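In what follows, a single structure is set out as structure tokens and then discussed.
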Amino acid sequence: MSKTTNIEAAFQLAQEQYDSLGVDVEAALDRLRSVAISIHCWQGDDVAGFEGNVGNLGNGLAVTGNYPGRARTSGELQSDLELAYSLIPGRHRLNLHALYGEFNGPVGRDEMEIEHFQNWIDWSRSQGVSLDFNPSYFSHDKAADGFTLAHSDPSIRHFWIDHGIACRKIAAAMGAAQGNPCINNFWVPDGYKDTPANRKAPRERLAASLDAIFAEPLSPSHTLDAVESKLFGIGSESYVVGSHEFYMGYAISRNKVLCLDAGHFHPTEVISDKISSTLIFVPELLLHVSRGVHWDSDHVVTYSDELQAIMLEIVRGGYLDRVHIGLDFFDASINRVAAWAIGTRNALKALLAALLEPTATLQRLERDGDYTARLALMEEQKTMPIGAVWDYYCQSADVPIGAHWLEKVRQYEADVQSKRSPGMHAQQV
């Protein structure tokens, strides 16, 4: 029996088992095919960008490791991404930071224009990949003291306001070019290392700065504005201006997309429990699926209980049309293409598992007060043959099955990445 036949036979047996629980496997796969994960460009080059300041990340961000083969140009980064996409079932998006433009000389961040990203638009069109975007409020002289949009100096504050305005125009142009909204996510590092004497004033300045950035209405068919919170960072251990409560209030009052980053909360706090609460009050959510270890360390996404809980909450609440799933991790200790493949495939596996849950039955049992059956069925679900369904999905998408994708990464590393000069790798701690 051939490998293909074995996979199909296992899939048919799995279908029968799921059917016994009232789960339509083909419907789950059809829904999974419609989901586009926004894959982050910055895993491929250690958040260096193309402004010429490699190794000077700063602003509480850190990438550790010096694995060879970091992408040094947009062409190299695009080549790496093309391989990564070929290893991941489905059609997915690309999340770009502003510092990844092609500038051909010094360009102020307040002077960025769509022409600096035309190569990315052309590439994305050729690949059938849609773009998302982010202003870059870090790794810059005007952010050296840890403040940007909440800075007490009006000239610095207005520089960063102008950067945000420029990025909104770029995101809108991207969305118009690709025919669907480009999500433009705002995160700023502003905060204090030690206890502040005035928590109020910086938050007032941040709100005013954001209002100035968002003053011009832009078509929601072209771009959606998202705002992202953080609990603390290196250099802002005691106080972050843009806390969860700040951005929750801002998103509700200004009708913005709220971004929840899995690593931006207390280590004992999870974002899965926040999804249903926040979506009562905000129109849409952006998720940065990551894996914090003890702190916001942005480890490669693994198939964890929290990852599964996140996907279950999205599916159980019927939120797939209101939640945009993006990834956010950067690890320079392992092959960077492999990191993309591992993290994205895990996110999709967890989403598939959620789609294969007999949600309607579980919710009916809950309404009926039959908590015994609810718990029993939830536990039985954990050993259902999702692996056979996942393998079939990969085969139908013509991507490697199991760990065979690693062979392609190893060959690419030998043929391409190993021939890149070491250059400078980010290795801050």
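The values are calculated or read from the model by the stated rules, or taken from the named source; none is laboratory data. All figures in this text were calculated on a predicted structure; none of them were measured in a lab. Cβ sites come from the backbone with ideal geometry, for glycine too, and all protein chains shown count toward neighbours.
Can you name the residue in the range 60-106 that is part of a loop (DSSP other than H, G, I, E, B) and of a type in the set (S, T, N, Q) and, of all such residues, is nearest to the chain's Cα centre (by Cα)? Even if it seems obvious, please write down each step before you answer.
The initial filter retains those residues of the range 60-106 that are part of a loop (DSSP other than H, G, I, E, B), namely 60-73, 87-92, 101-106.
Now restrict to residues that are of a type in the set (S, T, N, Q): 64, 66, 73, 104.
On the way: Thr64: 19, Asn66: 23, Thr73: 22, Asn104: 28 Å.
Per the stated criteria, the residue is Thr64.
Answer yes if at least one residue in the range 179-197 is farther than 25 Å from Arg125 by Cα, surrounded by fewer than 22 Cβ atoms within 10 Å (Cβ to Cβ) and either among the basic types (Lys, Arg) or in contact with a helix residue (DSSP H, G or I) (Cβ under 8 Å, 6 or more places away or on another chain) (or both), and no otherwise. Yes, the range 179-197 contains a residue that is farther than 25 Å from Arg125 by Cα, surrounded by fewer than 22 Cβ atoms within 10 Å (Cβ to Cβ) and either among the basic types (Lys, Arg) or in contact with a helix residue (DSSP H, G or I) (Cβ under 8 Å, 6 or more places away or on another chain) (or both). Of the residues that make up the range 362-380, is at least one aliphatic (A, V, I, L, M), under 22 Å from Val289 (Cβ atoms) and in contact (Cβ under 8 Å) with a residue 60 or more places away in the chain? So far as the range 362-380 goes, no, none of its residues is aliphatic (A, V, I, L, M), under 22 Å from Val289 (Cβ atoms) and in contact (Cβ under 8 Å) with a residue 60 or more places away in the chain. Output yes when any residue across the range 331-343 is closer than 15 Å to Gly22 by Cα and either part of a helix (DSSP H, G or I) or of a type outside the set (Phe, Trp, Tyr) (or both), and no when none is. Checked against the condition, which is being closer than 15 Å to Gly22 by Cα and either part of a helix (DSSP H, G or I) or of a type outside the set (Phe, Trp, Tyr) (or both), the range 331-343 yields no hits at all. Among the residues making up the range 383-397, a single one is under 24 Å from the mean Cα position of the chain (by Cα) and assigned to a loop (DSSP other than H, G, I, E, B): Ala397. Look at (1) touching a helix residue (DSSP H, G or I) at 6+ places or on another chain (Cβ under 6 Å); (2) among the aromatic types (Phe, Trp, Tyr); (3) over 20 Å from Ala36 (Cα atoms) and you find that Trp390 fails only one, number (3).
Say whether the condition of being within 25 Å of Arg31 (Cα to Cα) and either of a type in the set (Lys, Arg) or in a helix (DSSP H, G or I) (or both) is met by at least one residue in the range 406-429. Within the range 406-429, not a single residue is within 25 Å of Arg31 (Cα to Cα) and either of a type in the set (Lys, Arg) or in a helix (DSSP H, G or I) (or both). Considering only residues in the range 71-109 that are among the aliphatic types (A, V, I, L, M) and over 16 Å from Trp42 (Cβ atoms), the one that is surrounded by the fewest Cβ atoms within 10 Å (Cβ to Cβ) turns out to be Val107.
Just to check your reading of the model, which residue among Glu284, Glu228, Glu237 is of a type in the set (Asp, Glu) and either over 19 Å from Gly326 (Cβ atoms) or free of Cβ contacts under 8 Å to residues at least 40 places away in the same chain (or both)? Sole residue among the options that is of a type in the set (Asp, Glu) and either over 19 Å from Gly326 (Cβ atoms) or free of Cβ contacts under 8 Å to residues at least 40 places away in the same chain (or both): Glu237.
Return yes when Asp328 is charged (D, E, K, R) and either in contact with a helix residue (DSSP H, G or I) (Cβ under 6 Å, 6 or more places away or on another chain) or modelled with pLDDT of 95 or more (or both) and no when it is not. Yes; evaluated as a whole, the condition is true for this residue. Give the residue that is surrounded by the fewest Cβ atoms within 10 Å (Cβ to Cβ), with candidates limited to residues of the range 15-26 that are under 28 Å from Arg93 (Cα atoms) and free of Cβ contacts under 8 Å to residues at least 12 places away in the same chain. Going through the qualifying residues, I end up with Glu26.
Scanning the range 227-274 for residues that are in contact with a His (Cβ under 8 Å, 6 or more places away or on another chain) and farther than 18 Å from Pro202 by Cα gives Val257, Cys259, Leu260, Asp261, Ala262, Gly263, His264, Phe265, Pro267. Note on the range 275-327: enclosed strands (runs of 3 or more DSSP E) holding 1 or more residues that are more than 20 Å from Ala36 (Cβ to Cβ) are 291-293, 295-299.
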